[in-house]
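Student: To start, I am sharing the structure in question, which I have written as structure tokens.
The values are calculated or read from the model by the stated rules, or taken from the named source; none is laboratory data. All of these numbers come straight from a predicted model, not from anything done at the bench. Backbone-built Cβ (ideal geometry, glycine too); neighbour counts: all protein chains shown.
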Amino acid sequence: MSEEPTDAFTGTGIDTTIPHSARIWNYWLGGKDNYAVDREAGDAFAALYPQITVNAREARGFLQRVVRFLAGDVGIRQFLDIGTGLPTADNTHEVAQRVAPDSRVVYVDNDPLVLAHARALLVGTPEGETRYLDADIRDVDGLVRGAAEILDFTEPVAVLILGVLGHIHDADEARALVRRILDHVPPGSYLAIGDGTASEAKLKAQKQYGNTGGPIYLNREPAEIATFFDGLEWVEPGFVSAPLWRPERPTAVPPIAAPVDEYGGLARKP
């Protein structure tokens, strides 16, 4: 069992006695920034849906491959990572600045727990710049205004929206927010979306887990999520199950026994 992290949250409004979605995800990724209550909740959901830990790690692998592709093959030097969650191994700035040390990365989240960790852990290279922005995806103008302190929105920007859109249950609202964000970036910019997708097993597990009062994340069909890329130019292979997006190995090792209910895609703004 993981050691309990040092509790530095007294007086911050952060409750470490109830499960927290970011800490549960951190636990599924093998991180240490979680508490017994998070591990218990994570184990309870995993008992209903054992594939969740595979999904979490494949989603992380998608992020890393996308950022390496953008920084290396495409030459992108600006990254706007919306809904970053708790820092773990190989965060966006680490992957990008390993390829291109002058990369500039802005992380966006509105969770005080994530903010507390990000301030301490998200430190980049001297050549580049890394910043955490306390903002909500629904406040697009404020988000862009804050990010513009270190990003140049006249030059291409990679917008990463991973594991976020399921928090916005109205599909039209989620789609409109993505479009408004893209309105602020110039041609040659890229959009990456990674998200959980609906499957019978996952939806059944969420229904049972939801009855315990745990947080529910809306999983959409892949075809619906793909519409968030309308008007953009797909980077091959399009919107696919996460391990199938430009894998660094021919097949998953160890083999994945069932389809992964985490999809991802990348597209360019023409």
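Student: If you scan segment 162-202, which residues turn out to be in a strand (DSSP E or B) and of a type outside the set (S, T, N, Q)?
Tutor: 162, 190, 191, 192, 193, 194, 195, 196
Student: Additional query: Of the residues in segment 30-56, how many are among the charged types (D, E, K, R) and surrounded by 16 or more Cβ atoms within 10 Å (Cβ to Cβ)?
Tutor: Applying the first criterion (among the charged types (D, E, K, R)) to segment 30-56 yields 32-33, 38-40, 43.
Narrowing the set further to residues that are surrounded by 16 or more Cβ atoms within 10 Å (Cβ to Cβ) leaves 33, 38-39.
Total satisfying the criteria: 3.
Student: Out of (1) at pLDDT below 95; (2) at positive phi; (3) touching a Lys or Arg at 6+ places or on another chain (Cβ under 9 Å); (4) not hydroxyl-bearing (Ser, Thr, Tyr), the odd one out for residue 163 is which?
Tutor: Condition (3) is where residue 163 drops out.
Student: Please go through segment 72-99 and pick out each residue that is touching a residue at least 40 places away in the same chain (Cβ under 8 Å) and acidic (Asp, Glu).
Tutor: Within segment 72-99, 81 is the sole residue that qualifies.
Student: Tell me, which residue of segment 48-82 that is part of a loop (DSSP other than H, G, I, E, B) and touching a Phe, Trp or Tyr at 6+ places or on another chain (Cβ under 9 Å) is farthest from residue 104 (Cα to Cα)?
Tutor: Of everything passing the filter in segment 48-82, 49 is farthest from residue 104 (Cα to Cα).
Student: Then there's this: What number of residues within segment 19-29 are modelled with pLDDT under 80 and not in a helix (DSSP H, G or I)?
Tutor: 2
Student: Next question, about the same structure. Looking only at segment 92-111, count how many residues are in contact with a Phe, Trp or Tyr (Cβ under 8 Å, 6 or more places away or on another chain) and assigned to a helix (DSSP H, G or I).
Tutor: 3
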